[in-house]
Amino acid sequence: MTLVESTPAPASFLPSPPSVLLIAAHPDDEYYCAATLYRVARELNGIVDQMIVTDGAGGHRFAALAGHVYGLDLTEGGKDHALLPEIRREECLRAGKLLGVRQTEFLGQPDPGYTQQERDAHRAWRLHELKHRLEKRILSHAYDAIFVLSPNPGEHGHHIAVANLTQEILGKLPSNQRPLLLAVEPAHSSRESSVAPIFQFSRSRAVSRAESLTYTVIVNWLIAEYKSQGLFQLESGRHDCERFWPLGSTDPERAKYFFASIA
């Protein structure tokens, strides 16, 4: 782990234990911050919950090989295509158990497939219902931080939509009820970011009490759970760190203190 800008955290601020909510568009999006989530849940005895917005039905493009595992034809137009959301749900639960996720809430919004346009998500989703469920979870749990996937231009339109909806919801809350909102993306440490992240978690660091085994092992185990997403398997070893930035009105100094408590 590397704290990009190391800031000592006041003892009065440090969450004990830390609590995090990941709001993700699809089953398997927890890959973006898998090592950090494992660190919080398994090593710090913190709380990690997640909300999965879509049913993952759009992930049929690379499901052909999964037929050899599940004995089903999950490709688009295949006789078992309708079973893909349930299979992805089960894969997500197994991956969550690996990371130490306490609760996973599936919101069941339609997944029309890959797009770079946020408006495609808005057209497909039942926005009133979605906002209500997100608000209910956020207000009923005192999370220290909410993680969302990076909403940078060029990212999946569903990721952008989730990040912006979360910003909208948090913007309506009183500042004293507002958790930190943090964007995350996986990266390779040899590649510079256009904007310096506030925190960088190294997947190459050894896991506590695991001798020479690193967080990369955890990430690879997670990838292996998603048999229905064949292309996802090629992510193994591609990224060696997880980078975070504050979003919306999140105070960067408070975010640094939060990450100091994790580091």
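The values are calculated or read from the model by the stated rules, or taken from the named source; none is laboratory data. Bear in mind that the values here come from a model prediction, so they are computed numbers and not experimental data. With ideal geometry, Cβ positions are generated from the backbone for all residues, glycine too; neighbour counts draw on all protein chains shown.
Points to keep in mind about this one:
- Matching entry among Gly230, Gly248 (being of a type outside the set (Val, Ile, Thr) and farther than 25 Å from His68 by Cβ): Gly248
- With respect to the conditions (1) at pLDDT below 95; (2) under 18 Å from Ser140 (Cα atoms), Ile47 falls short on a single one, namely (1).
- Boolean, Lys227 is in contact (Cβ under 8 Å) with a residue 60 or more places away in the chain and among the basic types (Lys, Arg): yes
- In region 195-205 there is at least one residue that is closer than 17 Å to Leu98 by Cα and at pLDDT 95 or above.
- Residue within region 100-107 that is within 17 Å of the chain's Cα centre (by Cα) and among the aromatic types (Phe, Trp, Tyr) present: yes
- Across region 170-187, the number of residues qualifying as more than 12 Å from Ser249 (Cβ to Cβ) and modelled with pLDDT of 95 or more comes to 6.
- Top-ranked residue of region 201-215 - restricted to ones that are surrounded by fewer than 22 Cβ atoms within 10 Å (Cβ to Cβ) and in contact (Cβ under 8 Å) with a residue 24 or more places away in the chain, ranked as farthest from Ala263 (Cα to Cα): Ser204
- Extreme residue, farthest from the chain's Cα centre (by Cα), among residues of region 113-130 that are buried (at least 16 other Cβ atoms within 10 Å of the Cβ) and not acidic (Asp, Glu): Ala124
- Residue within region 78-94 that is touching a residue at least 60 places away in the same chain (Cβ under 8 Å), of a type in the set (Asp, Glu) and not in a loop (DSSP other than H, G, I, E, B) present: yes
- Taken over region 228-263, the criterion of being within 30 Å of Leu83 (Cα to Cα), among the hydroxyl-bearing types (Ser, Thr, Tyr) and crowded, with 21+ Cβ neighbours inside 10 Å is satisfied by Ser228 alone.
- Any hit, region 9-26, residues being farther than 20 Å from Leu222 by Cβ, modelled with pLDDT under 95 and hydroxyl-bearing (Ser, Thr, Tyr): yes
- Boolean, Glu105 is in contact with a helix residue (DSSP H, G or I) (Cβ under 6 Å, 6 or more places away or on another chain) and among the charged types (D, E, K, R): no
- Residue within region 68-78 that is at pLDDT 95 or above, of a type in the set (A, V, I, L, M) and within 24 Å of Thr216 (Cβ to Cβ) present: no
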